[in-house]
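The structure under discussion appears below in the form of structure tokens.
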Amino acid sequence: MFSHVVIFWTNPSDDNATDQVVANAKKYLPSIPGIVSFHVGRMSQSHRSVVDQSYQVGLNIQFETKQAEDAYNNHPQHLEFVERRKGLCTKVVVYDFE
């Protein structure tokens, strides 16, 4: 199993940025071949100090292999999602692990 986790900090000057990132992820990403599991959502509040609460959107996708994730990264729907999130985010961090 290969996990692809992306954390988005949305543009605070755009009141709809968080909703748009979530909606665009749901529209463009889940149907890309090779995805085993897909989940996107808003940051969840926590009372625990170890939980980072500075971001607005989290994305978690699982693939069978790293090769499937490589194909996903070059898929036109993923590239469209990346293009549409420009201007909506001030920072994006990706975590990939086996």
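Lys and Arg at +1, Asp and Glu at -1: add these up for the other residues within a Cβ distance under 9 Å of ASN24 and post the number.
Cβ neighbours under 9 Å give a net charge of +3.
Give the cross-link partners of LYS86 among the lysines, using a straight C-alpha distance below 23 Å as the criterion and excluding same-chain residues fewer than 8 apart.
By straight Cα distance, LYS86 reaches LYS26, LYS27.
Could you list the square roots of 5 times each eigenvalue of the Cα gyration tensor of the range 1-79, that is, the equivalent ellipsoid semi-axes, sorted largest first and rounded to whole Å?
Each semi-axis is the square root of five times an eigenvalue, giving 24, 16, 9 Å.
So if I place +1 on the C-beta of Lys and Arg and -1 on the C-beta of Asp and Glu, and nothing else carries charge, what would the dipole magnitude of the chain be about its Cα centre? I want it in debye, nearest 20.
The dipole of the chain has a size of about 220 debye.
Below 8 Å between Cα atoms, with a sequence gap of 6+, how large is the relative contact order for the chain in percent?
Averaging sequence separation for qualifying contacts and normalising by length gives 51 percent for the chain.
Subtract the Cα-Cα distance of SER3 and SER37 from 0.36 nm times their separation in residues, and report this length gain in nm to one decimal.
11.3 nm
Report the one residue of PHE38, GLN56, PHE8 whose Cα lies farthest in the direction of the positive end of the charge dipole of the chain (charges on C-beta: Lys and Arg +1, Asp and Glu -1; origin at the Cα centre).
Toward the positive end, the furthest listed residue is GLN56.
Give the long-range amide H neighbours of VAL36: residues separated by 5 or more places, or on another chain, with amide H under 5 Å away, using H modelled in the peptide plane at 1.01 Å from N.
GLN62, PHE63, GLU64
Let's see if you can work this out: charge +1 on each Lys and Arg Cβ, -1 on each Asp and Glu Cβ, no other charges. What is the dipole magnitude of the range 11-56 about its Cα centre, in debye to the nearest 20?
200 debye
Collect residues whose amide H, placed 1.01 Å from N in the peptide plane, falls under 5 Å from the amide H of THR90; neighbours closer than 5 in sequence don't count.
The answer is TRP9, THR10, ASN11.
In nm, what is the difference between 0.36 nm times the number of residues separating GLN45 and LYS86 and their Cα-Cα distance?
12.2 nm
Once the other residues with Cβ under 11 Å from the Cβ of PHE8 are scored (Lys, Arg +1; Asp, Glu -1), what is the net sum?
Local net charge: +3.
Laboratory data are not the source of any read-out in this text; all were calculated from the coordinates shown. Worth saying up front: this structure is predicted, and the values here are computed from it rather than measured. Here the Cβ is made from the backbone with ideal geometry for all residues, glycine too, and neighbour counts use every protein chain on show.
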